[in-house]
1. Where Rh is the Kirkwood radius over the Cα pairs of the stretch 95-236, the temperature 20 °C and the viscosity 1.002 mPa s, what D in µm²/s does Stokes-Einstein return?
2. Ignoring ligands, DNA and RNA, what percent of the 1.4 Å accessible area of the chain is carbon and sulfur?
3. Pull up all non-local amide H partners of residue 210: gap of 5 or more, or a different chain, and H-to-H distance under 5 Å with H placed in the peptide plane.
4. Please give the residues of the stretch 141-156, grouped as numeric ranges, whose backbone N is less than 11 Å from a label point set 7 Å along the Cα-to-Cβ vector of residue 110.
5. Taking the Cβ of residue 54 as the centre, find all other residues whose Cβ is under 11 Å away and add up their charges (Lys, Arg: +1; Asp, Glu: -1).
6. Take each of the peptides 118-130, 30-42, average the number of other beta-carbon atoms within 10 Å over its residues, and list them starting from the highest.
7. Round to a whole angstrom and tell me the spacing of the C-alpha centers of the stretch 127-157 and the stretch 172-251.
8. Can you tell me which lysines have their Cα less than 17 Å from the Cα of residue 191? Leave out same-chain residues fewer than eight positions away.
Amino acid sequence: MAAILKAENLRVEFRSREAAQGTKVALRGLNLEVNAGEVFGYLGPNGAGKTTTMNVLLGFVQPTSGAASLFGIDVRQPIARQRIGYLPELTYYYKFLSAEELLRFYSTLFGLSRLEADRRIDELLKLVELEHARKRPIRTYSKGMQQRAGLAQALINNPDLLVLDEPTSGLDPLGRMKVRQIIQRLKGEGKTVFFSSHELGEVETVCDRVGIIHQGELKVVGPISEIRQPRHANLEQAFLEIIGFETQSAS
């Protein structure tokens, strides 16, 4: 399969707010490929470099060195992001808008015609199960409903690649299940999904491959079965071993 997301020797350094600490390295020579049509889980503890990776891909952060591309186009070129949808971990929408109004606003940003926008809005509200609440203000939505509205927003331009930063964060089991079902359906439609998560059970259910990053370094990447099998462990146990949790706790 063709890689549609690629990072090559990607390094990102930030100047620390405290002069004594000097420079902080967020990514250390990251090499990563995500193939068309797969669901890829990007795992790591807080501060590992997951969001920094996404910010580079989205053009929010410039790499110190190395390169990144989407669909073969350097991420520094805006055209590289025309075929992607993005859901940040913390979303903020004008709460007085309804889901329908929110999607219509984003449809204008992507230049959709009125007819195409109407069709996409109907399709997406059905996909995320918000048809019954399409005209209600977002402020009346539960956390799970707001997250599903965010997913619909990320899909309004019918992207080939969906980038999700902690899409199930803060959701109850029912909310996580609904998001998982949406991801599985998108995979069935041939979409590529790249998402970070702390919910390893969700990752184990929906992902074709995963990558585990720790302290800015990609420690392992591959199918979940290949990561679990040599360690004779489930994904959570394998994850803890890979990031050296047992070694740290024993010292």
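1. Diffusion coefficient, whole number: 130 µm²/s.
2. Exposed carbon and sulfur together represent 48 percent of the surface.
3. Here 41, 222, 224 satisfy the definition.
4. 152-156
5. -2
6. My ranking of the peptides, most packed first, is 30-42, 118-130.
7. Result: 26 Å between the Cα centres.
8. 6
The values are calculated or read from the model by the stated rules, or taken from the named source; none is laboratory data. All values derive from a computational prediction rather than experimental measurement. Positions of Cβ are backbone-derived with ideal geometry, glycine not excepted, and every protein chain shown enters the neighbour counts. The protein model used for the area step is the full one, side chains on, heavy atoms only, and it has no ligands, DNA or RNA in it. Shrake-Rupley method; radii C 1.70, N 1.55, O 1.52, S 1.80 Å.
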